[in-house]
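Notes follow the structure.
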Amino acid sequence: MPLPSEASTAFLPYGRQMIDEDDIAAVVGALRSDWLTTGPKVGEFEAAVCAFTGAQYAVAVSSGTAALHAAMNAIGIGPGDEVIVPAMTFAATANCVVYQGGTPVFADVNPDTLLIEPLAVARKITNRTRAVIAVDYAGQPCDYDSLRAITDRHNLFLVADACHSIGGSYKESKVGTLADLTVFSFHPVKHITTGEGGMVVADDQELAERMRRFRNHGIATDHRQREQQGTWYYEMTELGYNYRISDLQSAMGVSQLRKLPGFLARRRAIARQYDQAFADSVAIRPLTTLTEVEHAYHLYVVSLPDAATRATVFQKLRDRGIGVNVHYLPVHLHSFYRDRFGYGPKLCPVAEGAYERIISLPIWPGMDKVQVERVIRELQEWR
């Protein structure tokens, strides 16, 4: 009997980085330069992301969470302010509001896409609401026309948490141009990676300058400006953080960004393979993809019949080396949010019900057709 091939037994994570010799050479080049941090590669990376997305300004920081925090500080969120966020997201989307002393208010999601539901947003607005954070869950852009109509009517900021959706688009407008501020993450499981890293893009120069100060301790000038002015003097004008990204990370980011179109094409091909496999399934239901969007497929999420089935499938696939995951426990159900704000079950019933049934399948550009078929086969044979 032939032994199982490595392709049939190797562990398949739900996501992973794709690093090649060009990326390694880029980092080595930065190591051999005069700048390890706060140097020219940071600006080069920011300019490259602006060119890719169509945004006018970009501010690179140390993580996607730091980017969210910088965005909340830039728009002036503080104690007493409310920011509406979807229940179905990673905790950082809400945490960034709490960092500023504000209150995250959770809105429910659409049952077919798990994107924030505009009607739910409208119902949550009070005289203390200052912004809405829209999360492009799994890589699918939200209904930005409806959200923009709401935020414009109430004079609110619209922030896109696009940590899942770089390279996506909505009605032929690129992610990065759909909100007042757009946040990206460059964690290893995302579309491109800098190890850890994040970025905010915007078309408002003042907001960008606020975020540049915020990432550098709140200091009004950087070392380049002081050198041009021939002065050593600097002043901290507001409370900021050390959220700077290094030149090593930025060099990797520039290299990775060149490969992003290819990464996106492969993710979309894998998604099509999954779509075709589950098209006629009653028990395995992929999320709906809207016709007016171009999906970036950070995640590929399916819904199973019930919580018991999900638990069985999760364990079986894990035992078989398929690294499925669950994204996410609705944020308001985390113990911190129960204890601090008194949130709990039944606040967002659609998100809570979906959480009991959803599972994320492996999807990353290095997966080949045989590996995708393996995931499909194991999932279809769960009974």
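The values are calculated or read from the model by the stated rules, or taken from the named source; none is laboratory data. The structure presented is a predicted model; accordingly, all values stated were derived computationally and were not measured. With ideal geometry, Cβ positions are generated from the backbone for all residues, glycine too; neighbour counts draw on all protein chains shown.
Which number in (1) assigned by TED's automatic domain parsing to the domain that holds residue 39; (2) at positive phi marks the one condition that residue 246 misses?
(2)
Out of all the residues in the stretch 293-322, which are aliphatic (A, V, I, L, M) and assigned to a helix (DSSP H, G or I)?
307, 308, 311, 313, 317
Name the single residue, out of those in the stretch 261-289 being surrounded by fewer than 18 Cβ atoms within 10 Å (Cβ to Cβ) and of a type in the set (A, V, I, L, M), that is nearest to the chain's Cα centre (by Cα).
265
Of the conditions (1) at pLDDT 95 or above; (2) of a type in the set (Val, Ile, Thr); (3) surrounded by fewer than 18 Cβ atoms within 10 Å (Cβ to Cβ), residue 254 clears all except one; give me its number.
(3)
How many residues does the stretch 88-141 hold that are part of a strand (DSSP E or B), surrounded by 24 or more Cβ atoms within 10 Å (Cβ to Cβ) and among the hydroxyl-bearing types (Ser, Thr, Tyr)?
Residues that pass the stated criteria total 0.
Residue 179 passes all but one of (1) touching a Lys or Arg at 6+ places or on another chain (Cβ under 7 Å); (2) surrounded by 22 or more Cβ atoms within 10 Å (Cβ to Cβ); which number fails?
All conditions pass for residue 179, except number (1).
For the condition crowded, with 17+ Cβ neighbours inside 10 Å, at pLDDT 95 or above and not assigned by TED's automatic domain parsing to the domain that holds residue 162, what is the one hit in 351, 307, 311? Spell out the reasoning first.
Values: 307 fails: crowded, with 17+ Cβ neighbours inside 10 Å; 311 fails: crowded, with 17+ Cβ neighbours inside 10 Å.
Within the list 351, 307, 311, the selection yields 351.
Given the residues 365, 345, which is the only one that is in a loop (DSSP other than H, G, I, E, B) and surrounded by fewer than 13 Cβ atoms within 10 Å (Cβ to Cβ)?
345
Anything in the stretch 108-160 that is β-branched (Val, Ile, Thr) and more than 19 Å from the chain's Cα centre (by Cα)? List them, or say none.
Passing the criteria: 121, 125, 126, 129, 150, 151.
I need the full set of residues from the stretch 158-193 which are among the β-branched types (Val, Ile, Thr), in contact with a strand residue (DSSP E or B) (Cβ under 6 Å, 6 or more places away or on another chain) and part of a loop (DSSP other than H, G, I, E, B), in order please.
Selection gives 166 alone.
Please work out if residue 151 is out of contact with any Ser or Thr (no Cβ under 9 Å at 6 or more places or on another chain), among the polar types (S, T, N, Q) and part of a helix (DSSP H, G or I).
Yes; evaluated as a whole, the condition is true for this residue.
Across the stretch 259-280, what is the total count of residues that are touching a strand residue (DSSP E or B) at 6+ places or on another chain (Cβ under 9 Å) and farther than 29 Å from residue 185 by Cα?
Adding up the residues that qualify gives 2.
Which is acidic (Asp, Glu), touching a helix residue (DSSP H, G or I) at 6+ places or on another chain (Cβ under 9 Å), outside any helix (DSSP H, G or I) and in the same structural domain as residue 85 (by TED's automatic domain parsing), of 206, 196?
When all the criteria are applied, what remains is 196.
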